[in-house]
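These notes concern the structure reproduced below.
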Amino acid sequence: MITGRGTALGVLDPREKLKSRLYGPISDWMPRVEEALQTELQSRYESVAPLLRHGAQLGGKRLRPALVLLSAAVIDPGRVSESHVRLGVVLEMVHTATLIHDDVLDEAELRRRSPTVHSIWGEHAAILLGDYLFSQAFRLAATLPSTVACRWIGEAARQVCEGELRQVLARDALDLDEATYVEMIRGKTAELCGVACRLGSHFAGGSPQQIAALQRYGEELGIAFQIADDYLDLWGDDQAMGKTLGSDLLQGKWTLPVLRTLQTASSIDRAALVAILSGPPERRAEEARPLMERGDAQAYTLRVAEVHRDRAKGSLSALPAGEARDSLDALADFAVARSY
């Protein structure tokens, strides 16, 4: 009988089946990432240990460790190593730290169906836990045989924080344009995906051309993934997403569907949307959605996500054919077609 995330009938959760298919070539390595992550997130203090355990559960798809490992495997499956496991853990801790801080900023109560850290232990503990994860990540990165990981991850983390800062400072700004929006999500989401692919291929001995191709793949994948997230925040299923929909509008974050509607709507509809976005936050999603659906915001948002997906897939042509490249290709499709 399967336990843990399987069902009592011994059938894998559909999400686990999907991960098994997408991560097939690295299926022997992903459990090592999980074990190493659990080892890193421990404390001898009884009061701290529950926060660390809870934080370890927030990552969900483990996308960034998978990108590290798949980017190594596509270069040479025989070059995947414990260094890649360590890199995956580092990036997952950095990612989790940003999620915890995001939840504080957004006052979110749920993250993947689980209570957020700050909703249980308070904002101060959540902020400090995020800081703890950043510190632990860079301590672990420093144990690798080269300083390149620290340099590249440090630069990516800086750009993530810069992207988040730009988004916070742009809240409620009705003059935000699409190009600026894409640049912000390039920082807050795409950079970590790009550096995951760059590090995975570098530590597997990839050529400069292969490393550059995989970095492009990761960055374009990250943009497609975030645009799809922004779409699902408005038109997804709250049970599948594991959170309340419309959180971006609630927080004054204007994503691509909003920007497209502001740009293309009639003067009457645009004025109505501006009034809604300037009004009570808790009513924005319900009232703005019909206006966005009146135009092409839904189709346009998915089309832009597909453009970045196709760019990601196109980058793979420079890499050796095989199971790992097939998984990367399928992962790009999943980034746009998913329901969670």
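The values are calculated or read from the model by the stated rules, or taken from the named source; none is laboratory data. Small disclaimer: the values here were computed from a predicted structure and weren't measured. Using ideal geometry, Cβ is built from the backbone for each residue, glycine included, and neighbour counts are taken over all protein chains shown.
All conditions in (1) in a helix (DSSP H, G or I); (2) surrounded by fewer than 16 Cβ atoms within 10 Å (Cβ to Cβ); (3) in contact with a helix residue (DSSP H, G or I) (Cβ under 6 Å, 6 or more places away or on another chain) hold for SER339, with the sole exception of (1). Considering each residue of the stretch 245-257, count those that are within 13 Å of THR180 (Cβ to Cβ) and hydrophobic (A, V, I, L, M, F, W, C), and give that number. So the answer is 2.
One residue alone among ALA272, ALA321, ALA299, ALA288 is outside any helix (DSSP H, G or I) and free of Cβ contacts under 8 Å to residues at least 40 places away in the same chain, and that residue is ALA321. Candidates in the stretch 246-277 are the residues that are of a type in the set (Ser, Thr, Tyr) and within 21 Å of the chain's Cα centre (by Cα); of these, the one that is farthest from ALA224 (Cα to Cα) is SER247. How many residues, within the stretch 126-147, are without any contact (Cβ under 8 Å) to a residue 60 or more places away in the chain, in contact with a helix residue (DSSP H, G or I) (Cβ under 7 Å, 6 or more places away or on another chain), hydrophobic (A, V, I, L, M, F, W, C) and not in a loop (DSSP other than H, G, I, E, B)? Qualifying residue count for the region: 6.
Conditions (1) at pLDDT below 95; (2) more than 20 Å from the chain's Cα centre (by Cα); (3) closer than 24 Å to LYS61 by Cβ, marked per residue:
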| residue | (1), (2), (3) |
| --- | --- |
| ARG113 | yes, no, yes |
| THR116 | yes, no, yes |
| VAL168 | yes, no, no |
| LEU174 | yes, yes, no |
| LEU192 | no, no, yes |
| ILE211 | no, yes, yes |
| TYR217 | no, no, yes |
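Results for (1) touching a Pro at 6+ places or on another chain (Cβ under 9 Å); (2) charged (D, E, K, R); (3) at positive phi, shown as yes or no for each residue.
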{"site": "GLN210", "(1), (2), (3)": "yes, no, no"}
{"site": "ALA224", "(1), (2), (3)": "no, no, no"}
{"site": "TRP235", "(1), (2), (3)": "yes, no, no"}
{"site": "ASP296", "(1), (2), (3)": "no, yes, no"}
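For LEU133, indicate whether it is touching a Lys or Arg at 6+ places or on another chain (Cβ under 7 Å), modelled with pLDDT of 85 or more and not aromatic (Phe, Trp, Tyr). It is false that LEU133 is touching a Lys or Arg at 6+ places or on another chain (Cβ under 7 Å), modelled with pLDDT of 85 or more and not aromatic (Phe, Trp, Tyr).
Give the residue, chosen from ALA321, ALA288, that is buried (at least 17 other Cβ atoms within 10 Å of the Cβ), at pLDDT 95 or above, small (Gly, Ala, Ser) and over 21 Å from the mean Cα position of the chain (by Cα). Outline the logic, then answer.
Values: ALA321 fails: buried (at least 17 other Cβ atoms within 10 Å of the Cβ).
After applying the criteria, what remains is ALA288.
When you look at GLY163, is it surrounded by fewer than 24 Cβ atoms within 10 Å (Cβ to Cβ), at positive phi, touching a helix residue (DSSP H, G or I) at 6+ places or on another chain (Cβ under 7 Å) and not charged (D, E, K, R), yes or no? Judged against the criteria, GLY163 is not a match.
Between GLY206, GLY279, GLY218, which is farther than 30 Å from ASP329 by Cβ and either free of Cβ contacts under 8 Å to residues at least 40 places away in the same chain or buried (at least 16 other Cβ atoms within 10 Å of the Cβ) (or both)?
Numbers: GLY206 fails: farther than 30 Å from ASP329 by Cβ; GLY218 fails: farther than 30 Å from ASP329 by Cβ.
Of GLY206, GLY279, GLY218, the one residue that is farther than 30 Å from ASP329 by Cβ and either free of Cβ contacts under 8 Å to residues at least 40 places away in the same chain or buried (at least 16 other Cβ atoms within 10 Å of the Cβ) (or both) is GLY279.
Which of the helices (runs of 4 or more DSSP H) contained wholly in the stretch 1-97 include at least 1 residues that are surrounded by 17 or more Cβ atoms within 10 Å (Cβ to Cβ) and modelled with pLDDT under 85? Fully inside the stretch 1-97 and qualifying: 14-22, 49-56.
Beta carbons closer than 8 Å, at least 6 apart along the sequence or on distinct chains, pair a first residue in the stretch 21-40 that is within 12 Å of LEU70 (Cα to Cα) with a second that is surrounded by fewer than 15 Cβ atoms within 10 Å (Cβ to Cβ) and of a type in the set (Asp, Glu) for GLY24/GLU323; PRO25/GLU323.
Among what's in the stretch 278-288 and is in contact with a helix residue (DSSP H, G or I) (Cβ under 6 Å, 6 or more places away or on another chain) and not acidic (Asp, Glu), pick the residue that is nearest to ASP230 (Cα to Cα).
Ranking the qualifying residues of the stretch 278-288, first place goes to ALA285.
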